[in-house]
Amino acid sequence: MSAYSTVVVGTDGSETSLVAVERAAAIAQDAGATLVLACAYEPAPDKVTARDRDILREEAYQIVGSAPADDTVRTAQARAARVATSITVETAVVQGKPADVLTKLTAERNADLLVVGNRGLNTLAGRILGSVPLDVVRHAGCDVLVVHTT
């Protein structure tokens, strides 16, 4: 019996989150587990300019609209495929705050492991406002791996 049967990994499409995706894919491959690629997004307001999107893309874990989130999980699938070729990969694009989405998704999928990158842990904003890695460590009902990605 393997230690993990379902591994969930959060991604926002950033290079650092894709490092976490690769690590999660390798763990899923080794364990023979299902890999769930998750991306949370906020609904797009009626008037989102290109400049607004550029600014938001610089912020960790903030994707506006479901179309960019769909693109993000497709990119993550391609990165996971580089590392793991014989695993089942599922995707989840869910509206909501990233930490909330990830902890809820791990419960819904009966995940054994949640993988996130450490981006946001060592920033001033992360210390004051909180960060996705810190929030999921506090609230996830399964093992959490925080991958050193920065």
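Bear in mind that the values in this text are calculations on the coordinates, not laboratory data. Because the structure is predicted, anything quoted here is derived from the model rather than measured. Please note: Cβ atoms are built from the backbone with ideal geometry, for glycine as well, and neighbour counts cover all protein chains shown.
Miscellaneous remarks
- Ranked by how many other beta carbons lie within 10 Å on average, peptides 94-101, 77-84, 112-119 from highest: 112-119, 94-101, 77-84
- Interchain or long-range residues, amide H under 5 Å from T91's placed H: L37
- Remark: the range 134-150, residue by residue, has Karplus-estimated 3J(HN,Hα) of 5, 5, 6, 4, 5, 10, 5, x, 8, 4, 10, 10, 9, 7, 6, 10, 10 Hz, where x stands for each Gly or Pro and the curve is 6.51 cos²θ - 1.76 cosθ + 1.60 at θ = phi - 60°.
- Near the amide H of D12, within less than 5 Å, lie the amide hydrogens of S17, all on another chain or at least 5 residues away, with H placed in the peptide plane.
- Applied to the range 30-35, the Karplus parametrisation 6.51 cos²θ - 1.76 cosθ + 1.60 on θ = phi - 60° returns per-residue 3J(HN,Hα) values of 4, 8, x, 9, 7, 9 Hz, with x for Gly and Pro.
- Spacing of the two label points (7 Å from each Cα toward its C-beta) at A26 and A81, in nm: 2.1
- Converting phi to 3J(HN,Hα) with the Karplus coefficients 6.51, -1.76 and 1.60 and the offset θ = phi - 60°, the range 70-77 yields 4, 4, 4, 6, 5, 4, 5, 4 Hz in sequence order, with x at every glycine or proline.
- Amide H partners (placed H, <5 Å) of T149, local residues excluded: N118, R119
- Simple label model, 7 Å out from Cα along Cβ direction - E108 to T88, nm: 1.7
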